[in-house]
Structures are given as structure tokens and as C-alpha cells.
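See below for the structure under consideration.
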Amino acid sequence: MVKFKGNAGLKDVFVNVRDFGITDRGLTVPIRGPYGECGLLSVMHDTTESGWVALKSNIFSTLQAAAVTMHDAVKSSDSLASVM
């Protein structure tokens, strides 16, 4: 959350969401498909700051691949195809 340090409003949000088990250590991976479709995959992990830094450096490329795979699976699902 380095980008938002000092932002009181954001700090208030994370104080409240901790009651629901949501941590401020997370990533959101944007997904852009070949036909203009887009999506987001958000993940979080409850760990120390140093643990989070180490984890991010090890998993980012895997998260990108997982996001694309999940997006493709959702796009090709029968349930989605029936409404498009």
C-alpha cells in the first residue's frame, strides 16, 4: 500500500474491512482479451510486510497466467455463452 500511504480515506476503508478478514496486502491483475473484453483478478494474503514483498516477487507471473486462464474459462463457459 506504499502508493496510498498517507491517504486517510483509504486507511479508514482497510480498518473497517479487517473485520471481514480482508487484508491490505493484495494485488489486482488486469486482463484484456483479444476482442476488447476485460476483467480483473484480485488476490490477497494475510502476512507480514516482508513476507508479502517476498511472496509478490515469486508469484506475479503465475498470477498473470492464472488470470488469463480463468478469463478464458469464464468466456467459454456454457452459462456465459447463453446470455451473449
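First compute the accessible area of the chain with a 1.4 Å probe, then give the percent of it belonging to carbon and sulfur atoms. Let's see the in-between values first.
Numbers: 3870 of 6430 Å².
Carbon and sulfur atoms account for 60 percent of the accessible area of the chain.
Taking Cα atoms only, the orientation of helix 8-17 departs from the longest principal axis of the chain by about 70 degrees. Average accessible surface for the chain: 77 Å² per residue, computed with a 1.4 Å probe over protein heavy atoms with every protein chain in place. The angle between the Cα long axis of helix 49-75 and the main principal axis of the chain comes to about 20°, on a 0 to 90 degree scale. Rounded to the nearest 20 debye, the dipole magnitude of the stretch 29-78 is 140 debye, with +1 charges on Lys and Arg beta carbons, -1 on Asp and Glu beta carbons, and the Cα centre as origin.
The values are calculated or read from the model by the stated rules, or taken from the named source; none is laboratory data. Here the structure is a predicted model, which means the values were calculated and not measured. Cβ atoms come from the backbone with ideal geometry, glycine included; neighbour counts cover every protein chain shown. For the accessible areas, the whole protein counts, side chains as well, though only heavy atoms, and no ligand, DNA or RNA atoms are used. Shrake-Rupley method; radii C 1.70, N 1.55, O 1.52, S 1.80 Å.
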